[in-house]
Structures are given as structure tokens and as C-alpha cells.
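Readers should treat all values here as calculations from the given coordinates under stated rules, not as data from a laboratory. Note that this is a predicted model, so its numbers are computed, not measured. Methodologically, a virtual Cβ is constructed for each residue, glycine included, from the backbone with ideal geometry; neighbour enumeration extends over all protein chains shown.
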2 protein chains.
Amino acid sequence: MQRSKRLPVLAIDVGGTKIVAAIISNRGQVVAREHNLTLANQGPQSVINRMLSAIDRLISSTGIDPSRLNSISIAAAGAIDFDSGLVTLSPNLPGWRDIPLRDMVREKYGVNTFLINDASAAALGEHRFGAGRGVKNLILLTLGTGIGGGIIIDGNLYSGVSGSAGEIGHMTVDVNGPRCNCGNIGCLEMLASGTAVAREAIRRVRQGERSSLIEIVGGEIESITAETVEVAARGGDTLALAVILQAAHYLGVGMVSLVNIFNPEMIIVGGGMAKMGDLLLDPARQVVTERAFQLPAQAVSIVTAQLGDDAGVLGAAAFAFQQVSEQGAG
Amino acid sequence: MQRSKRLPVLAIDVGGTKIVAAIISNRGQVVAREHNLTLANQGPQSVINRMLSAIDRLISSTGIDPSRLNSISIAAAGAIDFDSGLVTLSPNLPGWRDIPLRDMVREKYGVNTFLINDASAAALGEHRFGAGRGVKNLILLTLGTGIGGGIIIDGNLYSGVSGSAGEIGHMTVDVNGPRCNCGNIGCLEMLASGTAVAREAIRRVRQGERSSLIEIVGGEIESITAETVEVAARGGDTLALAVILQAAHYLGVGMVSLVNIFNPEMIIVGGGMAKMGDLLLDPARQVVTERAFQLPAQAVSIVTAQLGDDAGVLGAAAFAFQQVSEQGAG
């Protein structure tokens, strides 16, 4: 066990949009990296095959023998049952239901394998190597296709009793709001994710509002994304700015609840929408200042993530190193 | 320090309605107890005087010398700055703002004194001595005048970076809802507290709906409380039942967010409204089953508190014993 602790981890991050696979040294260095599209709509088997191909390519390009890995560690965009190693459900990976992803990988490569939620992994990554270094209590929100969350308490990942804690995107913000893929009502994810931004922009353009967005997407209104909305907003487009401001408002409302409940030192915003930076975060910070209890509102820093697409693999690796180290010590 | 660990704690719970003071042995036994009304509307100085009188009476009735106390431990219904020992703000103790309650008591009695939030104390009390014994991760909600919250993680009270964590009553459930005393919008407290139940019943009776409530309160509609609504509901009153069902629904919606975020082993419901038992909890449990992620929904037990009015003082005492023990060890 002590020897294996120095070996690298092969980490994979299976998100709603991308698959990232990497070899990570025990000092948190990315030794090699593979990117792939998830193409989630093609269903679980197809996604799993692309994930296994990424692992194979990484092994073959680096020439590393699986037996010389500390472990394989998978971060996946879904609700994880840690004990059984299942992806039980995923609002952003259609068709995934009780898929034994951990054991499939463990059996194929004969290597000790871990499975955690992707946002939990990102929280751990940012805590160990990114924006949250040295911070004891923090919350990470990943704003992308959906909204994921990861919670660090007392320097450790908080996973709850079955390993599924952190689904911050699925807290109700609007009890009379739209139904979410997850079955709940008015979830933060329905109001402040990248998907929500795109949906709202498309709705308003369709209603006939004027916007440079129409030009940006060459008239193909359906292809408006959060990224195109950001481009339009930075160009001064009124509709795009209003849509981002609305999402930022909901994000702020969600953060008020987090600040009142957790009194965290830091909230880190990652995922695709984090690229909007202060355009998104300033209005959200203002809602927190206006509405949260004063003491925790003053105590919290709301910042963007630093590790970009590597947060998930770095966090998955950190999780594996910690587990192996605890098993070794135990 | 090792000697003082065996001495009893004098614990006080200053709530929105009642003040409870007690001498608590190091085995969690209530040796003596004093009850008082808070009469919060008379302002901070008057409440503090009643609290000090309760301490004085307790000391004189038991004949215990303050120097023979482990410590004094205060649980107060407000946002606490743990480091400075201030009650910074209290939605349910009008006029309280940055009151140095800890140092006032420490100086008067010359005894080491602690100050924590009342719902945090209740969570600790239920965890050590009540419904949550042996549970690693739990959340306590106190449903009374307001809604307080306490969080136990890994067997310890989670207090956040400044000691103000756990304000679960002040998470937004309805972004378009009523403004709360705390400055936020659509807080759970505005929709599911005892005050909310009374307010809604009064509103509907005033609008001319028929109800046995009018008789129960002898025509004095303003004096309807959550307790009278419960009495009417148990007598089969349709309006009272509907009002409780509505509060239970909001409570369930709040619990869905807690279940998705914390994946806790247990949610304990305390405070005056816990006396409603399954009348309140069954509909809330159903919302959790229908809307929360399946894995954490199946993992959580939603139960009523066991310690009644003693939860706060028992928890405050447990907190003090733990602090003194850690200081002794450190």
C-alpha cells in the first residue's frame, strides 16, 4: 500500500458534454491527458465505450502498465451510490440508471477503482490544487449543462450517508417553478444553468424580441447556447444581458441559502458558465450582500474556479490517493 | 481542566418564547431546572435581566457556588458570532443587535462562558441524548415562532467559518414569496413555521371561511396560534387541516433540498410544531419520497425530537463539555 501510494492515478471525468481522461502523479501533476465528446444522447453503452477507449489510448500512449497504477478513479455526472459503485441516476446522462461503472472498469483492467460524483471531484480538485487551497469549508458549484455541487467540510469531501451529497443544483428555489428532469420542482438548475440561459434566450428571441443573437447564430435560433448569449452580452446586447442578469439573480438567491446554511469560507463557481466571470458573479454577489445574514455574507468569498476542465480528474485523483492512503493506514 | 470536566454546566436556552435554565451533570442529567417567559417584545435588556434572574435563582436554589461550575453555556435564538461571543441579530428577539451576551455573563459570574445558537444546541442535544444518538450525519429543524436549524456532520456540530451555520429556516423556497424579517425573500420560515401556520389560518378565517377555530378562540381571531390550529385539525376542521397540509408541503419541499444537498441519515423535527407529529410529518415525508433523489430519499429517516424543551440546555451543556475537554487536551 505504501508503495502504491507513489504510483500515478488514471482519472476519468465523464461529464454531460466531455470526457476527460488523465494520468495524474501523486503530486497532482497531469502527466498525460485525453479529451473526448460524451455524446450522451447515444445512450450509456456508447458513452461507456468512449470512456474505455479513452482509457485504452491513455495507457497505450504513455506505455504505462495498469499494474503500475495506484488506482483508476472515475468522476461521473450523476448520483453515485458509493458503496455499490453505481451511477444510480443522471439528469444529464440520459438513460443512465444503476450502472455498475466502478466494477466494469475494475474488472476490465484488474485495478482498484473508485467512483465519485463529478462535481464532488471538482470540489476536491479545486480544494487541493485550485481556488480553494488552504480553505477549510467551501462549496463548489459547476454551472454547465446542469448545476452540480461539491461540499468540502473541515478540509474533506462531504459525501453524506450514501455518497450522494452535494446535489445543490436540485434545491428548490421557486416552489411554483418549472418541473426539473430530476422530478423536483423549481430547482436552481432549471433557472441558472447554461441550459436555462440558452432556453430563456431562445424563448425571448422566438417571442420576437430584437437581439444580435439571431445574427450570431446565423438565424438558427435553436443553436443559441449560454456561450453565444455571453458573446452577445459582451457586445452590449440588451436581451442577452437581461437573460444573464436573470440567471445571476437566481444564482444569487441560491447562494443566499448556501451562505445562511453553511456559513462557508468560499463559494467557487466552475463549469462552462464560470467563463462569464464577474458578468455573472457580480450581480449574484450583490444578492448575497442584500439578502443573506450579514455575518456569513461578510465571511464568504465568491470566486471562479481555477482548474478549468482538469478540476474533475485532479479531484478524482486526489480522492483516490486519499482512499488508498487511509486504507494503507487502516 | 481534567477536574473541571467532572463539574456540572449551568446551561441556559433563550428562545423566542421561553427561557430555560438548568444545571446539567457531566453525564447529561438535568439536576435542576428553571422556566421563564422570554417576553421578547420588551426588548433585549429586559430579556437579559430575566435570563440573569433565572441563573441567580438556579444558583441559589441548588446552593451551587459558581466556582464549582464547569462553565456556563448559553443557547440563544439568533445569529451568533462565536469568536466575539455576540448575538449579532435575531429575527425572533426584536432589537437584538451585536449584544455581547457571552461576556456579560462571564463577567457577572466569573465563570468560563460559551454562547451558541439555540437550534445548533438542540441539534447537539438530540444527537448526544435524544432521537439522534449514534447517528453520524443529521439535520435538526426547530419549528416554532421561527424555523431554526442545526447540522451534525461526522458526529460534530457544524458551525461554519464564523459559527453562524445552520440557518435552514432562511433558505429561499419561493423566490416570488413574502419578504422575511431576516431581509431575504420566500424563506422556509415564512411558509412553514408556527407563525406562518397561525398567519395563514387567521387570513383565511378573516376572508370568511368557516372553521371551528373561531369558536376555539372565542371569536378572538387574532389569538389563533399553531396550537389552536392543531386542536381544530384533530377535531376534523377542514380549514385547519388544509393550513397544516400547506405548511407540511412547504416543509417537505425544504426537506427535499436538504436531502439532495446533505444526504443525511436523519432529519429531526423539534420545536412547538413537532407536537403535531405525523399530522405534519407524513405529508412532508411524501413530498420527499416523490421529489428528492431516490438514493438519499431512501436513506433518510424523518422523525420528531425526543427531548422537548430540554434539547437546548442539554445541547448547550454538551457543547461546553466538549469545548472544555478539547481545551484540556490541547
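By how many degrees, 0 to 90 and rounded to 10, does the Cα axis of helix A:118-129 deviate from the longest principal axis of chain A?
80
Could you work out how far helix B:311-329 tilts from the main Cα principal axis of chain B, as a 0 to 90 degree angle to the nearest 10?
40
Over chain B, what per residue volume does the convex hull of the Cα atoms give, in whole Å³?
Enclosed volume per residue, from the Cα hull, is 134 Å³.
What trypsin sites (Lys or Arg not before Pro) does segment A:4-45 have in DSSP loop regions with at most 15 other beta carbons within 10 Å?
For trypsin sites (Lys or Arg not before Pro) across segment A:4-45 that sit outside H, G, I, E and B with at most 15 neighbouring Cβ atoms in 10 Å, the list reads A:Arg27.
Roughly how many whole Å is it from the C-alpha centroid of segment B:88-156 to that of segment B:160-203?
Segment B:88-156 and segment B:160-203 have Cα centres spaced 18 Å from each other.
Among A:Val229, A:Gly218, A:Asn49, which residue has its Cα positioned farthest towards the positive end of the charge dipole of chain A, with +1 placed on the Cβ of Lys and Arg, -1 on the Cβ of Asp and Glu, and the dipole taken about the Cα centre?
A:Asn49
Setting aside same-chain residues fewer than 8 positions from B:Lys136, which lysines have a Cα under 26 Å from its Cα?
Within the straight-line limit of under 26 Å, B:Lys136 reaches these lysines: A:Lys136, B:Lys5, B:Lys275.
Any idea what log10 I(q)/I(0) is at q = 0.19 Å⁻¹ for segment B:133-306, Debye with uniform C-alpha scatterers and no solvent?
Reported log10 I(q)/I(0), two decimals: -1.22.
When the Karplus curve 6.51 cos²θ - 1.76 cosθ + 1.60 is applied with θ = phi - 60°, which whole-Hz ³J(HN,Hα) does each residue of segment A:58-75 get, with x for Gly and Pro?
5, 5, 6, 5, 8, x, 7, 7, x, 5, 9, 9, 4, 4, 10, 10, 10, 9
Once both axes come from the Cα atoms, what is the angle between helix B:238-262 and the longest principal axis of chain B, in degrees from 0 to 90, rounded to 10?
Orientation of helix B:238-262: about 60 degrees from the principal axis.
Once both labels are modelled 7 Å past Cα along the beta-carbon direction, what's the A:Leu37-B:Glu215 spacing in nm?
Each label point lies 7 Å from its Cα, and together they span 7.1 nm.
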